[in-house]
Structures are given as C-alpha cells and as structure tokens.
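The numbers here are math on the coordinates, done by the rules we state, and not lab data. This is a predicted model, so every value here is computed, not measured. Here the Cβ positions follow ideal geometry from the backbone for every residue, glycine too, while neighbour counts run over all protein chains shown.
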Amino acid sequence: MPARSLADEAASAGSAPAVDPEAPALAANVPNRAPIVRPLSTGAPAATSQTGGEENLPTLNELTGDRAVGMPPMHLDIHVFSTNPAERFVFINMRKYTEGATLTEGPVVEKIRTDGVVLNQRGFRFVLPRQ
C-alpha cells in the first residue's frame with residue numbers, strides 16, 4: 001500500500017465518520033472505577049506527607065543549617081516508579097541513576113518511591129520530590 005500524506009488523508013476524509021446508532025456506547029464497556037487524580041503542585045513540599053505509608057523526610061528545599069551547606073543544586077528531571085524495584089530509575093541533573101547508585105553530586109540514591117527519590121548525603125536522608 002503506498003504511503004499517503006496527512007493532507008491527502010484529510011482531503012479524502014471529507015467529513016466526520018458516521019456514528020452507528022445501534023452500536024453500544026463506549027462508556028458502557030468501561031468498568032466503573034474512580035479516576036486517578038493527582039493534585040497539581042502547590043509549591044508546598046509533597047514529600048512531607050504520610051501518604052502511601054512512605055517515610056516522612058524533609059525535602060531538599062527544606063534543608064537548613066549545616067545540612068544545606070555544600071549541598072549541590074539538584075533537579076529531578078525524570079522519575080520512573082515501578083512496583084518492581086529493578087525497573088525503577090531517575091534522571092537527576094540529566095544523569096540516569098538506580099537505587100544504590102551514587103550521584104555525581106555526592107548523595108546516594110537510597111530509594112525511589114512514588115513521590116520522588118530518597119537521597120542520603122553523609123548519613124542525612126532527604127527527599128528530592130517529583131515536580
């Protein structure tokens with residue numbers, strides 16, 4: 001079959017496809033489940049909540065005093081969580097890491113969880129949250 005451009009497809013389509021009134025509605029075949037809704041970030045640190053049984057740790061932005069001194073800037077670019085720990089990974093400052101890896105910036109990736117990644121810097125644990 002020869003390839004056709006999108007312009008050719010649009011021109012040959014003419015109008016919207018007809019709807020068969022006898023066909024069951026698509027919604028009738030969808031199980032009745034609550035939608036998955038995640039709140040938009042309000043600027044408040046999400047990692048300090050006790051949702052999902054996850055440990056309550058301070059976020060990178062909440063670090064103060066000696067703990068914040070010398071802490072390099074870090075940004076969670078990509079966050080992939082899976083129930084299988086072997087499939088979890090993150091990109092921090094555009095570098096890929098898995099659990100147990102040491103960041104170029106110094107902290108160790110202790111755990112990748114649903115709301116971000118737990119990092120350990122010289123024995124102090126904190127969360128770099130999803131944005």
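Annotations for the structure displayed:
- Straightening the chain between His75 and Arg125 buys 16.4 nm, computed as 0.36 nm per residue apart minus the Cα-Cα spacing.
- When Thr83, Thr114, Thr59 are sorted by how many other C-beta atoms sit within 10 angstrom of their C-beta, beginning with the fewest, the order is Thr83, Thr114, Thr59.
- Residue order, fewest to most beta carbons within 10 Å, for Phe126, Phe91, Phe81: Phe91, Phe81, Phe126
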